[in-house]
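Just so you know, all these numbers are worked out from the coordinates, no wet-lab data involved. Keep in mind that this is a model prediction, so the values were computed, not measured. Cβ atoms come from the backbone with ideal geometry, glycine included; neighbour counts cover every protein chain shown.
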Amino acid sequence: MPAPYPRARNLPIRQNPDVPDLRPDQPPEQVSDGDRIAIGENMPLAGGGLDLGSYLTYLARRQEVVASNIANADTPGYKTRDVEMPGDFTSVFAQFTPMAAEVEGLTTRNDGNNVSMDREARLLAENDIRFNLASQLLRSRIKGIRSAIEEGRSS
Amino acid sequence: MSLFGAIAVSASGMEAQRIRAELITENLANAETTSTPGGGPYRRKDAVFTTAASGSSFAGTLAEIAAGGSQGVAVSSIVVDQSDPERRYLPGSPDADADGYVAFPKINPSEEMVDLMGTYRSFEANVAAISTVKDMIGRSLDLFK
C-alpha cells in the first residue's frame, strides 16, 4: 500500500461538495529509467541519452593524451597512448577519469619510441572538430533553456 | 585532467625541444673549438629526454599517474660525447701536440643541422597542439555567450 500523495504544504483543503476533487490521492506511476532520462529534471543538458558535457570531458582528456604523445615524440622508449571512447558516457564518466592505454600496431623505431606524428596530427584535428560539434550542440541546448527562461523574447 | 593540463604537457615539450636546440647551436658554434677550460677540444653535447609528470600539484600528479597517461617530457641529462676527437695535422697551431696534430671536436655540421630541423618540427607540433587546445577552451567559454 503506497503512502498517500503529499498535499502541497499541508494546507487545509477547502472542500466544495459541488466540485469534484481533481487532485489525485495516489502518487503518479513510477517512470522507468529510460523515461527518466527523457523527461528528467536535467533533460535539456543531458537529454536523449546523450551527455554532451561528458563527451566534451572525454575529448578534453583525449586531447591531453595526444598532446602528451606529441611532446614525447623524441623521448626514447615512449609508447603512444590513447583513451578509448566508452560506449556509455552517462555511467562511465560519472565516476572515473577515462584510462589511457598504449596503442597497438604502430611501428617502433630504434630508440623504442613509436609516436607517429601523422597519427597525432590527425587526432589533434579530429578532436578539435568533434569538440566544435559537441560544443555547438550544447550551446544550442543552453540557448533553448535561455529562451524558455526569457519566455521566448530573446534569441 | 583538463585542457589546461594539455597545455602544460605541450609546454613541457616546447621547453625540452628548446633545450635541445640550444645544445645543437652550441655544438655548431663550437665545431672548431680546439681548447676548452677543462682542457682538450670541445665535446659534442646532446639532451636525453624522459617522460615526466606534468601535474603542478602532488594530487594532480597522483591523479595523472592513476589515470595512466598524459605525461610531459623533461630533459633528464645532458650527455657529452666521449669518443676520441678528430686529429688534424696543423703543426703551426698553438694547440698542436708534439707530433703536430690538433684535436678537433667530432662534430658533423650536417648532422647537427638535421637535428636542428627535427627539433624545430617537434617544437612546431607542440605549438600546434597548444593552439588547438586554446581554440577548444575558447569554444567552451563561448557556451556562456
Cβ-defined net charge surrounding residue A:79, 15 Å radius [Lys, Arg +1; Asp, Glu -1]: -3
Neighbour cut-off at most 14 other Cβ (10 Å), DSSP loop, trypsin sites (Lys or Arg not before Pro), segment A:117-155: A:153
Degrees separating the helix B:109-142 axis from the principal Cα axis of chain B, which is the longest one: 10 degrees
Candidates B:99, B:84, B:115, ranked by Gaussian network fluctuation over chain B, Cα under 10 Å, top entry: B:99
Residue of B:23, B:90, B:116 that the Gaussian network model of chain B assigns the largest fluctuation, springs spanning Cα pairs under 10 Å: B:90
Choice from B:72, B:13, B:92 with maximal GNM fluctuation in chain B (Cα, 10 Å cutoff): B:92
Cβ-Cβ FRET estimate between residue B:99 and residue B:127, R0 fixed at 45 Å, reported to 0.05: 0.35
Prolate/oblate/rounded call for chain B, Cα gyration tensor, a/c under 1.5 rounded: prolate
Net charge over other residues, Cβ less than 11 angstrom from the Cβ of residue B:81 (K, R count +1; D, E count -1): +2
Pair residue B:29, residue A:101: separation of 7 Å Cα→Cβ label points (nm): 4.9 nm
For residue B:135, net neighbour charge (Lys/Arg +1, Asp/Glu -1) across residues whose Cβ lies under 11 Å away: 0
